[in-house]
Amino acid sequence: MEIYSPVDQITFEIPSAIELYIKRDDLIHPFISGNKWRKLKYLIAKAQVENKKTLVTFGGAYSNHLLATACAAALKGFKSVGFVRGEELDASNNTLFLCEQFGMQLIFVDRIAYLDKHALFQKHFNEHPSAFFIDEGGRSDEAILGCAELIAELPQSYDHIVIAAGTGSTVCGILNGCEKHQLNTKIHAVVVHKGLAEIENYVAEKSTYKNFQIHSEFHFGAYAKTSPNLISFMKNFQQNTGILLDPVYTAKALYALYQFIENGTIKPHEKVLFIHTGGLIGSLGMKSLLA
Ligand SMILES: Cc1ncc(COP(=O)(O)O)c(C=O)c1O
């Protein structure tokens with residue numbers, strides 16, 4: 001798949017001595033948006049090499065990853081199955097509706113069963129050797145490899161890169177990309193939930209690049225929790241730049257970036273890149289919060 005992800009400069013509420021750029025991965029594809037194609041690319045290649053026919057994956061009711069997998073499977077000639085966390089749910093929300101439009105079979109499971117994804121896969125697909133397991137959020141070494149490629153697309157070097165972290169695969173890829181290209185950019189991973197230790201361990205296991213900082217103070221209470229302050233920041237940014245954010249990932253990470261400018265973490269005469277990791281369809285599930 002040919003990808004389109006330009007780097008745009010943003011001046012909105014940025015001191016004139018600082019240059020802010022945004023890597024527009026949100027423009028890669030309407031449904032395989034942000035980091036999603038990068039994360040799926042090598043997983044799909046592996047599934048093709050292994051002659052698999054069905055991509056099986058996992059997500060919550062508003063999972064951007066489920067939707068991206070459903071669409072990518074349809075695009076690449078696979079069937080797809082999505083285990084959805086919550087047996088009380090149905091496919092009436094926008095994300096799950098679109099998953100079904102792309103032919104994904106949805107299996108709703110209770111929150112306890114959902115915890116053990118390998119057990120679910122074994123139970124349902126033991127007899128199906130053509131089924132291919134993709135972890136929640138696409139978390140995998142293949143995802144890290146795909147995300148590392150972003151660094152080679154950058155038109156210049158930056159003093160800082162700021163990015164949202166959920167499973168940590170994307171940030172590991174960015175760190176490995178920086179290592180490969182011998183950069184000394186400082187990477188800021190903004191953790192959008194309370195699972196800081198998990199991300200720290202994952203990064204320590206998967207990357208040797210040392211110039212990074214993991215920020216744990218911007219989760220706004222927990223995964224998918226927000227605050228009036230965050231929502232008003234997000235709306236203000238959107239209305240002044242024409243770039244949509246989502247309240248679960250990108251708004252939190254960009255909010256953190258503006259704080260870094262305010263508190264001196266990012267200094268005058270430095271260049272900073274924000275990576276827009278997509279997530280816009282998932283945020284339609286939070287319309288009531290944003291209204
Ligand atoms: C929009 C968006 N941004 C960022 C992330 C975080 O990526 P990762 O899970 O690789 O840390 C996700 C989750 O996959 C996401 O959907």
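The values are calculated or read from the model by the stated rules, or taken from the named source; none is laboratory data. Note that the coordinates shown come from a computational prediction; the quantities given were computed from them, not determined experimentally. Counting neighbours? That spans all protein chains shown, and the Cβs are built from the backbone with ideal geometry, glycine included.
For VAL56, the conditions (1) closer than 23 Å to ILE28 by Cβ; (2) modelled with pLDDT of 95 or more all hold with the exception of (1).
Residue count for segment 145-184 under the criterion of being assigned to a strand (DSSP E or B) and either in contact with a Phe, Trp or Tyr (Cβ under 8 Å, 6 or more places away or on another chain) or more than 10 Å from the ligand (Cβ to nearest atom) (or both): the result is 5. Name the residues in segment 251-289 that are at pLDDT 95 or above, closer than 20 Å to ILE28 by Cα and in contact with an Asp or Glu (Cβ under 8 Å, 6 or more places away or on another chain), would you? Within segment 251-289, ILE275, HIS276, THR277, GLY278 meet the criteria. Entry remark, segment 63-98: residues being aliphatic (A, V, I, L, M) and at pLDDT below 95 number 2 in total. Taking the criterion of being closer than 20 Å to ALA131 by Cα and part of a loop (DSSP other than H, G, I, E, B), the residues of segment 77-89 that qualify are GLY77, PHE78.
Note on segment 210-245: residues that are assigned to a loop (DSSP other than H, G, I, E, B) and either at positive phi or within 16 Å of the ligand (Cβ to nearest atom) (or both) amount to 14. Just one of the listed residues (TYR209, TYR202, TYR223) is at pLDDT below 95 and assigned by TED's automatic domain parsing to the domain that holds THR170, namely TYR223.
Here PRO129 clears all of (1) free of Cβ contacts under 8 Å to residues at least 24 places away in the same chain; (2) in a loop (DSSP other than H, G, I, E, B); (3) in the same structural domain as PHE260 (by TED's automatic domain parsing) except the condition numbered (3). Scanning segment 113-131 for residues that are under 25 Å from ALA165 (Cα atoms) and crowded, with 18+ Cβ neighbours inside 10 Å, we see that the one that is farthest from the ligand (Cβ to nearest atom) is TYR114. GLU142 meets the conditions (1) free of Cβ contacts under 8 Å to residues at least 40 places away in the same chain; (2) within 16 Å of the ligand (Cβ to nearest atom) in every case but one. The failed one is (1). Residues in segment 260-287 that are part of a helix (DSSP H, G or I) and surrounded by fewer than 16 Cβ atoms within 10 Å (Cβ to Cβ): GLU262, LEU284, LYS287.
Given the condition touching a residue at least 60 places away in the same chain (Cβ under 8 Å), within 16 Å of the ligand (Cβ to nearest atom), assigned to a helix (DSSP H, G or I) and surrounded by fewer than 22 Cβ atoms within 10 Å (Cβ to Cβ), answer yes or no: does some residue in segment 90-99 qualify? Scanning segment 90-99 turns up at least one residue that is touching a residue at least 60 places away in the same chain (Cβ under 8 Å), within 16 Å of the ligand (Cβ to nearest atom), assigned to a helix (DSSP H, G or I) and surrounded by fewer than 22 Cβ atoms within 10 Å (Cβ to Cβ). Only one of the numbered conditions (1) in the same structural domain as GLN238 (by TED's automatic domain parsing); (2) closer than 23 Å to PRO129 by Cα is not met by HIS29, and that is (2).
For THR170, the requirement of being crowded, with 18+ Cβ neighbours inside 10 Å, β-branched (Val, Ile, Thr) and assigned by TED's automatic domain parsing to the domain that holds LYS23 is met. Of the strands (runs of 3 or more DSSP E) lying entirely inside segment 1-76, the ones with 1 or more residues being within 13 Å of the ligand (Cβ to nearest atom), in contact with a helix residue (DSSP H, G or I) (Cβ under 9 Å, 6 or more places away or on another chain) and in contact (Cβ under 8 Å) with a residue 40 or more places away in the chain are found at 19-23, 54-59. Within segment 157-188, the residues that satisfy the criterion of being more than 21 Å from ASP135 (Cα to Cα) and of a type in the set (Gly, Ala, Ser) are SER157, GLY177.
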